[in-house]
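Written out below as structure tokens is the structure these notes cover.
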Amino acid sequence: MIEYENLQKLNAPFKEAYVEQFKKVNESGWYILGNEVRKFESDFASFCQTQYCAGVANGLDALIVSLKAFSFKSGSEVIVPSNTYIATILSILHCGLKPVLVEPDIKTYNIDPARIEESITSRTVAIMVVHLYGKCCEMGPILQITERHGLKLIEDCAQAHGAKYKGRLAGSFGHYGAFSFYPTKNLGALGDAGAVVTSDEELYLQARRLRNYGSEKKYYNDVIGLNSRLDEIQAAFLNIKLKHIDLINSHKRKLAEIYFREINDSFIKPVVDSDYIDVYHIYNIRHPRRDQLREYLLKEGISTEIHYPVPPHKQLAMQGVLDSSVFPLSEEIHATTLSLPISFFHTERDILRVVEVLNKF
């Protein structure tokens with residue numbers, strides 16, 4: 001069986017270092033917002049080419065903190081892609097704001113800049129872009145739109161650690177870049193973890209306050225905050241893996257190259273463009289008989305995933321909440337997309353086997 005993912009195998013190369021770090025943190029007696037968090041925040045900010053980083057408990061909280069920092073008026077509108085993962089939508093709703101769905105580019109699966117302005121109203125306050133699957137959005141025209149309309153820009157970078165657009169890293173374009181370090185991410189912890197990055201000092205300080213009960217100084221609360229702090233032990237694990245993120249991304253890019261080279265043209269493959277460096281958190285293909293294809297691969301010993309089977313506007317929880325309009329591009333993507341194995345533990349031989357079976361479908 002070629003598994004889609006196996007976290008034990010994924011983390012096996014780091015096991016000894018993890019054990020040593022755990023002992024170090026355990027013996028330190030300091031478990032919340034200590035030296036490991038400070039080190040990770042400093043190093044991750046540098047990695048993202050930003051000035052500051054504030055660790056939070058998870059990726060959803062990173063998005064919520066990013067929105068809460070601006071104290072937007074209740075009911076204000078935030079533009080978001082119609083085919084994103086539900087967490088992006090939830091962050092907007094949890095802040096008392098209205099998600100406005102915009103269709104993606106059918107080739108890149110990221111929000112289509114050409115469709116954004118038609119959805120901007122007098123109530124629009126921000127655009128939340130999502131760098132889906134490890135490919136940056138087309139940030140040039142998006143930055144122009146935010147400047148032209150005076151909008152805030154938040155990047156959902158949960159799948160894009162190290163991805164680049166025209167030489168700039170995901171997370172460095174917006175007022176905030178929000179990251180998840182969920183265990184399956186290219187930069188994954190051993191549990192939930194997240195962070196926001198920014199180059200604006202006041203936004204950084206506001207994020208620090210919001211994550212810690214609204215407090216910068218112990219027992220003094222300046223704003224209505226959350227309890228959402230990056231755990232010291234998870235930061236310690238991330239400090240180990242951050243040293244290897246370029247290797248992880250490079251390995252996944254090499255596996256992706258095999259897929260690009262060997263998969264036949266009956267499958268729709270991701271687009272490649274010289275303006276982008278993609279990191280392939282997910283390598284997806286599309287096929288009109290996706291469900292039959294997935295079943296066929298499983299019978300041949302190959303496990304796959306679907307990211308994602310149901311678009312946000314079709315989720316039961318979103319009925320009566322999101323715009324009931326039809327989003328045909330989003331629905332087409334969700335009905336045809338299939339994620340192939342591309343983990344750090346997979347070998348080139350694994351991927352060649354996937355290709356061999358796939359091309360016989």
Close pairs (7 angstrom Cβ cut-off, 6 or more residues apart or separate chains): in the same structural domain as HIS161 (by TED's automatic domain parsing) in the stretch 26-45, basic (Lys, Arg) anywhere
ILE32/ARG229; LEU33/ARG229
Can you tell me which residue is surrounded by the most Cβ atoms within 10 Å (Cβ to Cβ) among those in the stretch 196-246 that are free of Cβ contacts under 8 Å to residues at least 40 places away in the same chain and touching a helix residue (DSSP H, G or I) at 6+ places or on another chain (Cβ under 7 Å)?
GLY225
Selection count, the stretch 65-96, where residues are among the small types (Gly, Ala, Ser), within 16 Å of TYR176 (Cβ to Cβ) and buried (at least 24 other Cβ atoms within 10 Å of the Cβ):
3
Please determine whether any residue of the stretch 253-261 is farther than 16 Å from ILE282 by Cα and either crowded, with 18+ Cβ neighbours inside 10 Å or out of contact with any helix residue (DSSP H, G or I) (no Cβ under 8 Å at 6 or more places or on another chain) (or both).
yes
Reported set for the stretch 114-137 where residues are closer than 18 Å to THR88 by Cα and of a type outside the set (A, V, I, L, M, F, W, C) is SER119, THR124, HIS131, TYR133, GLY134, LYS135
Among (1) surrounded by 14 or more Cβ atoms within 10 Å (Cβ to Cβ); (2) more than 30 Å from VAL321 (Cβ to Cβ) - the single one ALA12 does not satisfy
(1)
From the options SER343, SER325, SER330, residue that is assigned to a loop (DSSP other than H, G, I, E, B), in the same structural domain as ASN264 (by TED's automatic domain parsing), under 21 Å from the mean Cα position of the chain (by Cα) and among the polar types (S, T, N, Q):
SER343
Would you mention how many residues in the stretch 293-321 are without any contact (Cβ under 8 Å) to a residue 60 or more places away in the chain and among the polar types (S, T, N, Q)?
1
Tally time: how many residues in the stretch 69-100 are without any contact (Cβ under 8 Å) to a residue 12 or more places away in the chain and among the acidic types (Asp, Glu)?
0
Somewhere in the stretch 180-188, is a residue modelled with pLDDT of 95 or more and among the charged types (D, E, K, R)?
yes
Could you tell me whether SER66 is without any contact (Cβ under 8 Å) to a residue 40 or more places away in the chain and hydroxyl-bearing (Ser, Thr, Tyr)?
no
Candidates SER324, SER250 - the one that is without any contact (Cβ under 8 Å) to a residue 40 or more places away in the chain, surrounded by fewer than 20 Cβ atoms within 10 Å (Cβ to Cβ), touching a His at 6+ places or on another chain (Cβ under 8 Å) and among the hydroxyl-bearing types (Ser, Thr, Tyr):
SER324
In the set TYR308, TYR296, the lone residue that is outside any helix (DSSP H, G or I) and among the aromatic types (Phe, Trp, Tyr) is TYR308
Quick one: is VAL130 in contact (Cβ under 8 Å) with a residue 40 or more places away in the chain and in contact with a Cys (Cβ under 9 Å, 6 or more places away or on another chain)?
yes
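Does at least one position in the stretch 50-59 carry a residue that is closer than 20 Å to TYR176 by Cβ and without any contact (Cβ under 8 Å) to a residue 60 or more places away in the chain?
Checked the stretch 50-59: no residue is closer than 20 Å to TYR176 by Cβ and without any contact (Cβ under 8 Å) to a residue 60 or more places away in the chain.
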Do you know which residues across the stretch 193-207 are closer than 24 Å to ASN227 by Cβ and either of a type in the set (Gly, Ala, Ser) or touching an Asp or Glu at 6+ places or on another chain (Cβ under 8 Å) (or both)?
ALA193, GLY194, ALA195, LEU205, ALA207
Return the only residue of ILE106, ILE116, ILE120, ILE111 being under 18 Å from the mean Cα position of the chain (by Cα) and closer than 30 Å to VAL321 by Cα.
ILE111
Could you check how many residues of the stretch 253-283 are in contact (Cβ under 8 Å) with a residue 12 or more places away in the chain and part of a helix (DSSP H, G or I)?
8
Enumerate the pairs (first residue in the stretch 105-116 and surrounded by fewer than 17 Cβ atoms within 10 Å (Cβ to Cβ); second residue anywhere and assigned to a loop (DSSP other than H, G, I, E, B)) with beta-carbon separation below 6 Å, excluding pairs fewer than 6 apart on the same chain, so at least 6 apart or on different chains.
LYS107/VAL271; ARG115/GLU103
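The values are calculated or read from the model by the stated rules, or taken from the named source; none is laboratory data. Everything numeric here is computed off the predicted structure, so don't read it as measured data. Using ideal geometry, Cβ is built from the backbone for each residue, glycine included, and neighbour counts are taken over all protein chains shown.
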